[in-house]
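Asker: Take a look at this one; I'll ask things after.
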Amino acid sequence: LAGKSGKILTFIAGKKSVEELKEITPKVDGKNLTLTLDSRLQYILFEALSELGQVQSARSSSGIVVDVQTGDVVAMSSWPSFNANNLNDRTAFNERNRVVADVFEPGSVMKPFTVAAALKSGKFNVNTPINTSPGSISIGDRQIRDAGNYGVITMSKLIQKSSNVASVKIALALPNNGIAEMQRSFGFGKKTHLNLHAESSGVLKNPTDTGVRATMAYGYGQQVTLAQLAQAYVALGNNGVLNPLRIIKDEERPKPVPVISPEHAKAIVMMMKAVTEEGGTAPSAAINGYHVAGKTGTSRRIVKGKYSQNEYRNIFAGLAPASNPRFAVVILVEDPKKDKYAGKTVAPVFAKVMKETLRLYNVPFDKPLDVNKN
């Protein structure tokens, strides 16, 4: 980075400098700045996001890749973008770093943190039965539904099938602020340590009524950034310890903070494996040779102050290898036109980006390789 020139008051006789009298403005030396970004992954991620956005005729797409062990951001990108060599192409829309600047209601990718709140409360364990029949629940004049009637399920099934009803029942069994406090402890509601231009802190308030308390459990009623989501999933993969994100190498940052116990974190990661397996919401996120843990989120976009009936937001957040997570990848697409569910849109993109990340960093397989698959 360039330095800055200083100013010195000098006594001059004729054209000759005789004496430096005093320093008026000190000079600032230039310095090197090394980012944590990996240019190879940066290219792979942007190409994948560009293809996703164009195939889905979407408004935008964005993604981030984070090293679970360090919290270092190794790739971060948004589409549409612009060529920095031609600033005439730059607009307010395509120059946004959507990963930190855009806020949104995340939907079901928040359910792992609802499970975390349930386990930490002591009122639930991994095998506690939750009756979701008949596949819906009434909160005031609102009907909250699942995709089907799953009957009596445990936490693992809640994650695998993405049950709204089970999530709501957990929220109602906890103190009023139980869900909000758990989300807050994972870093939602405040800026990350990235300290990037135009970064948003999102919105996370304590619920004022039962309806908001219920909907927060499945990802409505709060606003988050993609960077916050990535940081929270990194904490799940890091044995429940929140490692603040970093994009400047060797930069000092706050110390890691334990959020939930290692046992609960590992249990939740194992639950999320079922999402990418047969019967889950995103088998398209599976990667040959690796156990993959993740969660889909399909939420309605707000258009003119109301939830749209035909515009959606899709998110997939995941970790691999699930047996000992090394990387977290989060992919988002706004208003996809071809498909509406995350399992069809962002989950395959997650798999493509995560597969290349694991390959480039020579991460060992954690399950037998199926030679009949790519």
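Asker: Condition first: in contact with a helix residue (DSSP H, G or I) (Cβ under 6 Å, 6 or more places away or on another chain) and basic (Lys, Arg). Now tell me which residues in segment 87-115 satisfy that.
Answerer: Once the filter is applied, which keeps residues that are in contact with a helix residue (DSSP H, G or I) (Cβ under 6 Å, 6 or more places away or on another chain) and basic (Lys, Arg), segment 87-115 yields only 111.
Asker: For the subset of segment 45-64 comprising residues that are aliphatic (A, V, I, L, M) and out of contact with any helix residue (DSSP H, G or I) (no Cβ under 6 Å at 6 or more places or on another chain), which member is farthest from residue 349 (Cα to Cα)?
Answerer: 58
Asker: Follow-up question, since we're still on this one. Among (1) touching a residue at least 24 places away in the same chain (Cβ under 8 Å); (2) in a helix (DSSP H, G or I); (3) under 30 Å from residue 61 (Cβ atoms), where does residue 172 come up short?
Answerer: Every condition holds for residue 172 apart from (3).
Asker: For segment 332-369, name all the residues that are within 15 Å of residue 288 (Cβ to Cβ), outside any helix (DSSP H, G or I) and open to solvent by 50 Å² or more (accessible area, probe 1.4 Å).
Answerer: Hits for segment 332-369 are 364, 365, 367, 368, 369.
Asker: Scanning segment 307-331 for residues that are open to solvent by 10 Å² or more (accessible area, probe 1.4 Å) and of a type in the set (Phe, Trp, Tyr), which turns out farthest from the chain's Cα centre (by Cα)?
Answerer: Going through the qualifying residues, I end up with 307.
Asker: Could you say which residue among 129, 175 is more than 29 Å from residue 103 (Cβ to Cβ), open to solvent by 10 Å² or more (accessible area, probe 1.4 Å) and of a type outside the set (Asp, Glu)? Talk me through it step by step, then tell me what you get.
Answerer: Details: 175 fails: more than 29 Å from residue 103 (Cβ to Cβ).
Testing whether each residue is more than 29 Å from residue 103 (Cβ to Cβ), open to solvent by 10 Å² or more (accessible area, probe 1.4 Å) and of a type outside the set (Asp, Glu) leaves just 129.
Asker: A further question follows. Determine whether residue 303 is of a type in the set (A, V, I, L, M, F, W, C), open to solvent by 40 Å² or more (accessible area, probe 1.4 Å), farther than 19 Å from residue 62 by Cβ and free of Cβ contacts under 8 Å to residues at least 60 places away in the same chain.
Answerer: Criteria met by residue 303.
Asker: Quick check on this structure: which one of 252, 263 is modelled with pLDDT under 95 and either open to solvent by 40 Å² or more (accessible area, probe 1.4 Å) or within 23 Å of residue 315 (Cβ to Cβ) (or both)?
Answerer: Being modelled with pLDDT under 95 and either open to solvent by 40 Å² or more (accessible area, probe 1.4 Å) or within 23 Å of residue 315 (Cβ to Cβ) (or both) holds for just one of 252, 263, which is 252.
Asker: Since residue 140 meets every condition but one in (1) over 26 Å from the mean Cα position of the chain (by Cα); (2) farther than 26 Å from residue 346 by Cα; (3) at pLDDT 95 or above, which condition does it not meet?
Answerer: (3)
Asker: Could you tell me whether any residue of segment 75-82 is open to solvent by less than 70 Å² (accessible area, probe 1.4 Å), assigned to a helix (DSSP H, G or I) and modelled with pLDDT of 85 or more?
Answerer: no
Asker: Got at least one residue in segment 101-122 being open to solvent by 80 Å² or more (accessible area, probe 1.4 Å), aliphatic (A, V, I, L, M) and not in a helix (DSSP H, G or I)? Give the steps one after another, and end with the answer.
Answerer: Here is the first cut: in segment 101-122, the ones open to solvent by 80 Å² or more (accessible area, probe 1.4 Å) are 120.
Keeping just the survivors that are aliphatic (A, V, I, L, M) gives none.
No, segment 101-122 has no match at all.
Asker: Confirm whether residue 218 is farther than 18 Å from residue 100 by Cα, among the aromatic types (Phe, Trp, Tyr), touching a helix residue (DSSP H, G or I) at 6+ places or on another chain (Cβ under 6 Å) and surrounded by 21 or more Cβ atoms within 10 Å (Cβ to Cβ).
Answerer: Judged against the criteria, residue 218 is a match.
The values are calculated or read from the model by the stated rules, or taken from the named source; none is laboratory data. Please read all numbers here as calculations on a predicted model, not as lab measurements. So basically every Cβ, Gly included, is an ideal-geometry build from the backbone, and we count neighbours across all protein chains shown. Quick note on the areas: whole protein, heavy atoms, side chains included, nothing else; ligands and nucleic acids left out. Shrake-Rupley method; radii C 1.70, N 1.55, O 1.52, S 1.80 Å.
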